[in-house]
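Reading through the structure tokens given below for one structure.
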Amino acid sequence: MKGLTGGLHRAACALALCGCLFALNPAHGVDSDDRLNRFKAVFLYHFIDYVQWPPDRAAGAFKLGILGTSPVEFALREISQKKNAGGRPLQIEVFSSAKEVIPCHLLFVTPKFSSQMGDLGRRLGKQGMLVVADAPEMAAQGASINFVLKKGKLKFEVNRESLEWAGIKASAQLLKLAILVPSTTAGDAGGVH
């Protein structure tokens, strides 16, 4: 989407995200699980355009971490070879355990590690990290964004308290497309903690 100005670029990204909200019916011989994983990778990539990180996170390569193994990784690697993140190189790093996770801009937490969300947040603290999960109820448990399937359509939940706790701002366009959920983490202001 090179050459588009800010407003036009955001509108084009919104259309791309809306396109992902359509039903995930298998088409043209594409396996529905493969198609779903590709949609998740597209969502993850486009979330970058709709989120503002703290100023101290604005330099250097954009680091996208994946906690656990997921077929989404392969689609993200394809994207990272062709695209950048707001003019910055897009680096993909995979972590095999929560203890290995180092600060990154966006962390995709696979379902296998969703039960470790609280421990992960306590260890990493407020480091301007957008945490995107892929398991039921994870936005309510502190993930900033969580993928959900509703009537066969890929959608996403957003926990605004978690975003605020991490020092991240989501655009109004992203919030309009999201299912907004409150945090249920007792005694917290939201966030993965």
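The values are calculated or read from the model by the stated rules, or taken from the named source; none is laboratory data. Keep in mind that what you see is a predicted model, and the values were worked out from it rather than measured. Here the Cβ positions follow ideal geometry from the backbone for every residue, glycine too, while neighbour counts run over all protein chains shown.
From the list Phe43, Phe95, Phe47, exactly one residue is among the aromatic types (Phe, Trp, Tyr), under 19 Å from Gly152 (Cβ atoms) and at pLDDT 50 or above. Which is it?
That would be Phe43, the only listed residue that is among the aromatic types (Phe, Trp, Tyr), under 19 Å from Gly152 (Cβ atoms) and at pLDDT 50 or above.
Just to be sure I understand, how many residues within the range 129-154 are surrounded by fewer than 17 Cβ atoms within 10 Å (Cβ to Cβ) and either within 24 Å of Glu73 (Cα to Cα) or in contact with a Cys (Cβ under 8 Å, 6 or more places away or on another chain) (or both)?
So the count comes out to 6.
Output the residues belonging to the range 69-91 that are among the hydrophobic types (A, V, I, L, M, F, W, C), within 15 Å of the chain's Cα centre (by Cα) and either over 15 Å from Leu107 (Cβ atoms) or not in a helix (DSSP H, G or I) (or both).
Scanning the range 69-91 gives Ala75, Ile79, Ala85, Leu90.
Hey, among the residues in the range 92-112 that are under 15 Å from the mean Cα position of the chain (by Cα) and among the hydrophobic types (A, V, I, L, M, F, W, C), which one's surrounded by the most Cβ atoms within 10 Å (Cβ to Cβ)?
By that ranking, first place goes to Phe108.
Is it true that some residue in the range 172-180 is modelled with pLDDT under 90, of a type in the set (Gly, Ala, Ser) and surrounded by 19 or more Cβ atoms within 10 Å (Cβ to Cβ)?
no
Listed here are the residues, each with its yes/no results for (1) touching a residue at least 12 places away in the same chain (Cβ under 8 Å); (2) of a type in the set (A, V, I, L, M, F, W, C); (3) touching a helix residue (DSSP H, G or I) at 6+ places or on another chain (Cβ under 7 Å); (4) more than 27 Å from Leu177 (Cβ to Cβ).
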position: Lys82; (1), (2), (3), (4): no, no, no, no
position: Arg88; (1), (2), (3), (4): yes, no, no, no
position: Phe95; (1), (2), (3), (4): yes, yes, no, yes
position: Cys104; (1), (2), (3), (4): yes, yes, no, no
position: Ala133; (1), (2), (3), (4): yes, yes, yes, no
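Suppose the filter is in contact with a helix residue (DSSP H, G or I) (Cβ under 8 Å, 6 or more places away or on another chain) and farther than 29 Å from Thr184 by Cβ; does Gly60 pass it?
So Gly60 does not fit the description; no.
Return the pairs, sorted by first residue and then second, in which the second residue is of a type in the set (Phe, Trp, Tyr) and at pLDDT below 95, the first residue lies in the range 152-181 and is closer than 16 Å to Ile48 by Cβ, the beta carbons are less than 7 Å apart, and the residues are 6+ apart or on different chains.
Ile168/Trp53
Give the residues of the range 142-166 that are under 15 Å from the mean Cα position of the chain (by Cα) and assigned to a loop (DSSP other than H, G, I, E, B), sorted by residue number.
The answer is Gly142, Ala143, Ser144, Asn159.
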